[in-house]
Amino acid sequence: MTLPMALRALLPFVLLLGLSASATTLLRADLPELARTADTIVHGTVRRVESRWSGDGRRIVTDVEIQVTEALKGQASGSVLVTQPGGRVGDIGQKVSGLASFTPGEEVVLFLERRGPEAFRVAGMAQGKYQVQRSGEGTRALAVPEPTGDVLLVDPDTRQATASSARPLSLEELKASIRTALQQSPTKGTQEKKP
């Protein structure tokens, strides 16, 4: 084998080494963008987390039932069902990088996209979840964004790798930011498209 042919054979491996090891790439969604594009935004408590096989038996999905305390956008009362790919059924598990994780009893604020008449998914994957952490006496509540883990976030304008702009806020600051974003822009479906 000649030297140029050997280099050509190694080129694909060298290129692969230069790529990110991330399993998932997402467009970064800041808080105003999440608020504008979500169909529903709820503050509530995780009632149940249950994994099951999908209807076709090929994938595992996890259903998360949220008891709604307050609907910040959209029509949501009682409870909402969030379904996302991955989970564990018996000894078999499937993991999808970049998804939010849930624990029964956890207090959350979720930005949701409708996926049918009664089902939702978290908008922006993990970016659409804030966990509410209360002080010992329960008088202060901090809304902490879900970590995105090994996900590669990409700036929606420059298409360059970027860091998350999400930061912890008091629960009241988070709700105020959501209301401000909703007042400053048209609702989903009536937005003007960028050229």
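With a 10 Å Cβ neighbour count serving as the proxy for reagent exposure, in which order, fewest first, do V61, V89, V151, V82 appear?
V89, V61, V151, V82
Short version: ³J(HN,Hα) in whole Hz for each residue of region 143-159, in order, from phi by Karplus 6.51 cos²θ - 1.76 cosθ + 1.60 (θ = phi - 60°), x for Gly and Pro, what are they?
In residue order, the calculated couplings are 9, 10, x, 5, x, 8, x, 8, 6, 8, 8, 10, 5, x, 8, 8, 6 Hz.
Pop a pseudo-label 7 angstrom from the Cα along the beta-carbon direction at both T158 and D56 and give the gap in nm to one decimal.
Spacing of the two 7 Å Cα→Cβ label points: 3.9 nm.
Residue by residue through region 67-78, which ³J(HN,Hα) values in whole Hz follow from phi under the Karplus form 6.51 cos²θ - 1.76 cosθ + 1.60 (θ = phi - 60°), with glycine and proline marked x?
Computed from phi, the couplings for region 67-78 are 7, 7, 8, 8, 8, 8, 7, x, 9, 8, 9, x Hz.
Give the residue list of GluC sites (Glu not before Pro) in region 100-153 that are DSSP loop and have at most 12 other beta-carbon atoms within 10 angstrom.
E118, E137
Can you classify region 39-136 as rounded, prolate or oblate using the Cα gyration tensor, where a ≥ b ≥ c are the square roots of its eigenvalues, rounded means a/c under 1.5, and otherwise it's prolate if a/b beats b/c and oblate if not?
Prolate is the answer for region 39-136, as a/c is 1.5 or above and a/b outweighs b/c.
Along the Cα→Cβ direction, 7 angstrom out, place labels at D150 and A71. What is the inter-label distance in nm?
Rounded to a tenth, the inter-label distance reads 3.9 nm.
From the square roots a ≥ b ≥ c of the eigenvalues of the alpha-carbon gyration tensor of region 59-195, which class results: rounded (a/c under 1.5), prolate (a/b over b/c), or oblate?
rounded
Tell me the label-point distance for the pair R179, L142, using the 7 Å Cα-to-Cβ offset, in nm and rounded to one decimal.
2.4
Please list, ordered by chain and number, the residues whose modelled amide H lies under 5 Å from the amide H of T69; skip anything fewer than 5 residues away on the same chain.
Close amide H contacts, sequence-distant or interchain: H43, G44, T45.
Neighbouring Cβ atoms within 10 Å as the yardstick, rank K175, K73 fewest first.
K175, K73
Since every read-out is calculated from the coordinates, none of them should be taken as a lab result. These figures come from a predicted structure and were not determined experimentally. We place every Cβ from the backbone using ideal geometry, glycine too, and count neighbours over all the protein chains shown.
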